[in-house]
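> Below you will find the structure I want to go over with you.
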Amino acid sequence: MLTCVVNDSVAISLPSDRKWQRDEIKVTFEELLPDEAVELRTELIDNLANVNHARAIIQRHQCRLWSECGSFAELWHGWRRMFPNLLLGPDVQHQSSKLNRGWIQTICNRLADLDQTAKEWKSVPRAAIQWQCKVTMESESTMANPRLNKERRFESGRGGHHLFLHHARFGNGGRIHLRIDHRRREIEVGYIGLHLPI
């Protein structure tokens with residue numbers, strides 16, 4: 001167990017005792033400091049004894065990735081690990097580079113909500129989408145206006161350009177535009193930025 005603490009790795013346990021039936025285990029040990037003093041420390045380490053533990057560990061690590069994300073460059077390069085149930089279109093990289101860095105955690109929080117929505121939607125066949133945050137469709141007047149529609153057309157990670165007419169909000173006036181692919185049961189992000197023209 002101590003090796004796992006030092007290496008930040010996952011402990012593998014046999015489910016031979018109730019104390020191993022946890023996805024996290026508390027380890028207390030003595031640490032020898034540079035001045036040769038000894039300090040008593042307690043750490044939580046990931047523990048794997050069954051498949052449910054693996055799911056909890058993966059989710060914890062994904063949460064840690066996005067909660068520690070410090071820049072939009074990190075978000076773009078790591079989104080597949082942070083938000084594995086979402087698809088981000090290629091335009092998002094350029095759009096997000098223009099945003100205030102102070103919004104990174106607010107945006108990651110919203111993407112986490114959308115990722116959880118996508119995960120639950122995929123896991124239940126024929127179920128309707130149960131949004132984890134407020135998501136709305138563009139107004140009828142916006143959808144009927146060709147100029148405004150053009151502003152909501154973005155490149156898809158699946159190829160081609162598509163309309164992204166659903167949107168979630170973040171911060172004061174920020175929008176994350178989405179495309180819902182019912183055939184693939186997929187939620188794609190095409191735009192992250194300020195409110196588009198109306």
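> Can you tell me which residue in segment 39-58 is farthest from Ala112 (Cα to Cα), limited to those that are open to solvent by 20 Å² or more (accessible area, probe 1.4 Å) and part of a helix (DSSP H, G or I)?
Only one residue fits best here, namely Val51.
> When the residues of segment 13-30 are filtered to those that are exposed (fewer than 13 other Cβ atoms within 10 Å of the Cβ) and acidic (Asp, Glu), which remaining residue is nearest to Ala54 (Cα to Cα)?
Filtering segment 13-30 for residues exposed (fewer than 13 other Cβ atoms within 10 Å of the Cβ) gives 14-19, 26, 28, 30.
When the remaining residues are screened for being acidic (Asp, Glu), the result is 17, 30.
Working: Asp17: 18, Glu30: 28 Å.
Residue satisfying both the conditions and the ranking: Asp17.
> Another question about this same structure. Can you pull out every residue in segment 59-78 that is more than 11 Å from the chain's Cα centre (by Cα), open to solvent by 40 Å² or more (accessible area, probe 1.4 Å) and of a type in the set (Gly, Ala, Ser)?
Of everything in segment 59-78, just one residue is more than 11 Å from the chain's Cα centre (by Cα), open to solvent by 40 Å² or more (accessible area, probe 1.4 Å) and of a type in the set (Gly, Ala, Ser), namely Ala73.
> Go through His161, His166, His195 for me and flag whichever is loosely packed, with under 15 Cβ neighbours inside 10 Å and at pLDDT 95 or above. Steps first, please.
On the way: His166 fails: loosely packed, with under 15 Cβ neighbours inside 10 Å; His195 fails: at pLDDT 95 or above.
Going through His161, His166, His195 in turn, just one is loosely packed, with under 15 Cβ neighbours inside 10 Å and at pLDDT 95 or above: His161.
> Pick from segment 110-139 the residues that are polar (S, T, N, Q) and without any contact (Cβ under 8 Å) to a residue 60 or more places away in the chain: which of them is least open to solvent (accessible area, probe 1.4 Å)?
Thr136
> Taking segment 140-198 only, how many residues are under 15 Å from Val92 (Cα atoms) and without any contact (Cβ under 8 Å) to a residue 12 or more places away in the chain?
4
> Next question, about the same structure. Does segment 79-96 hold any residues that are part of a helix (DSSP H, G or I) and either open to solvent by less than 60 Å² (accessible area, probe 1.4 Å) or modelled with pLDDT of 95 or more (or both), and which are they?
Of everything in segment 79-96, those that are part of a helix (DSSP H, G or I) and either open to solvent by less than 60 Å² (accessible area, probe 1.4 Å) or modelled with pLDDT of 95 or more (or both) turn out to be Trp79, Met82, Asp91, Val92, Gln95, Ser96.
> Give segment 169-192 a look and list any residue that's of a type in the set (Gly, Ala, Ser) and surrounded by fewer than 16 Cβ atoms within 10 Å (Cβ to Cβ), or say none. Lay out the reasoning, then the answer.
Here is the first cut: in segment 169-192, the residues of a type in the set (Gly, Ala, Ser) are 171, 173-174, 190.
Within segment 169-192, Gly171, Gly173 meet the criteria.
> Could you grab the pairs with beta carbons closer than 8 Å, sequence gap of 6+ or different chains, first residue in segment 70-92 and of a type in the set (S, T, N, Q), second one open to solvent by 40 Å² or more (accessible area, probe 1.4 Å)?
Ser71/Arg101; Asn85/Gln116; Asn85/Lys119; Asn85/Lys122
> Which condition breaks for Leu99 when tested against (1) crowded, with 16+ Cβ neighbours inside 10 Å; (2) in a helix (DSSP H, G or I); (3) in contact (Cβ under 8 Å) with a residue 40 or more places away in the chain?
With (1) crowded, with 16+ Cβ neighbours inside 10 Å; (2) in a helix (DSSP H, G or I); (3) in contact (Cβ under 8 Å) with a residue 40 or more places away in the chain applied to Leu99, the lone miss is (2).
> Go through segment 107-152 and count every residue that is outside any helix (DSSP H, G or I), more than 17 Å from Gly174 (Cα to Cα) and in contact with a strand residue (DSSP E or B) (Cβ under 9 Å, 6 or more places away or on another chain).
Qualifying residue count, segment 107-152: 2.
The values are calculated or read from the model by the stated rules, or taken from the named source; none is laboratory data. Source: prediction; values computed, not measured. Note that we place each Cβ from the backbone using ideal geometry, even for glycine, and neighbour counts take in every protein chain shown. Heads up: the accessible areas ignore ligands, DNA and RNA and are worked out on the full protein's heavy atoms, side chains in. Shrake-Rupley method; radii C 1.70, N 1.55, O 1.52, S 1.80 Å.
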